[in-house]
Amino acid sequence: QVQLMESGGGLVQPGGSLRLSCSATGNIYSSHSMAWFRQAPGKEREFVAMIRWTATSTYYADSIKGRFTISRDRSQKTLYLQMNNLEPEDTAVYYCARSKAADWSSSASDYLYWGQGTQVIVSS
């Protein structure tokens, strides 16, 4: 069983920054992908960014490319999302997730384990 727990969300002004963290317990192997998704009220859950657990490969959604950075500390089993130049459109509940297997996918259906989410509100 894998447990994921996000933290670091909050209320920020447009143009501000937040750093989200996701602490993990259980098995996360080098073949797994870790990802951030977000879901705004009334909208479907959408992909934000993903990273291979061991390798440095990353992939970002076009909407946040250049503003967000995904990273991980394997020894601490922690996933991060550095969010800069936040926009009101970034307001959502942010989730971290682990892939089902050796997936490299931006589809939520390919992720098995999810955290409870952390709320990010970007507003003046």
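Below, the figures for the structure above:
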read-out	value
Matching entry among Phe47, Phe68 (being more than 17 Å from Leu112 (Cα to Cα), surrounded by 14 or more Cβ atoms within 10 Å (Cβ to Cβ) and within 14 Å of the chain's Cα centre (by Cα))	Phe68
The listed residue being open to solvent by less than 30 Å² (accessible area, probe 1.4 Å), of a type in the set (A, V, I, L, M), in contact (Cβ under 8 Å) with a residue 24 or more places away in the chain and out of contact with any helix residue (DSSP H, G or I) (no Cβ under 6 Å at 6 or more places or on another chain), out of Ala61, Ala55	Ala61
Filtered residues of segment 71-88 (kept if within 13 Å of the chain's Cα centre (by Cα) and open to solvent by 50 Å² or more (accessible area, probe 1.4 Å))	Arg72, Gln82
Residue in segment 89-107 that is open to solvent by 50 Å² or more (accessible area, probe 1.4 Å) and touching a Lys or Arg at 6+ places or on another chain (Cβ under 9 Å) present	yes
Strands (runs of 3 or more DSSP E) fully within segment 46-110 counting 2 or more residues that are under 15 Å from Ile28 (Cβ atoms)	46-52, 68-73, 78-83, 92-99
Ala92, sole failed condition from (1) without any contact (Cβ under 8 Å) to a residue 60 or more places away in the chain; (2) more than 14 Å from Gly9 (Cα to Cα); (3) not polar (S, T, N, Q)	(2)
Filter result for Ala24 (over 14 Å from Ala108 (Cβ atoms), out of contact with any His (no Cβ under 6 Å at 6 or more places or on another chain) and at pLDDT below 90)	no
Yes/no for Arg19 being in contact (Cβ under 8 Å) with a residue 60 or more places away in the chain, under 14 Å from Ala92 (Cβ atoms), open to solvent by 70 Å² or more (accessible area, probe 1.4 Å) and out of contact with any Asp or Glu (no Cβ under 9 Å at 6 or more places or on another chain)	no
Set Ser75, Ser30, Ser105: member being farther than 15 Å from Leu4 by Cβ, free of Cβ contacts under 8 Å to residues at least 12 places away in the same chain and of a type in the set (Ser, Thr, Tyr)	Ser75
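The values are calculated or read from the model by the stated rules, or taken from the named source; none is laboratory data. As the structure is a computational prediction, the values presented were derived from the model and not from experiment. No Cβ is skipped: glycine too gets one built from the backbone with ideal geometry, and neighbour counts run over all protein chains shown. The accessibility values were calculated without ligands, DNA or RNA, using every heavy atom of the protein model including side chains. Shrake-Rupley method; radii C 1.70, N 1.55, O 1.52, S 1.80 Å.
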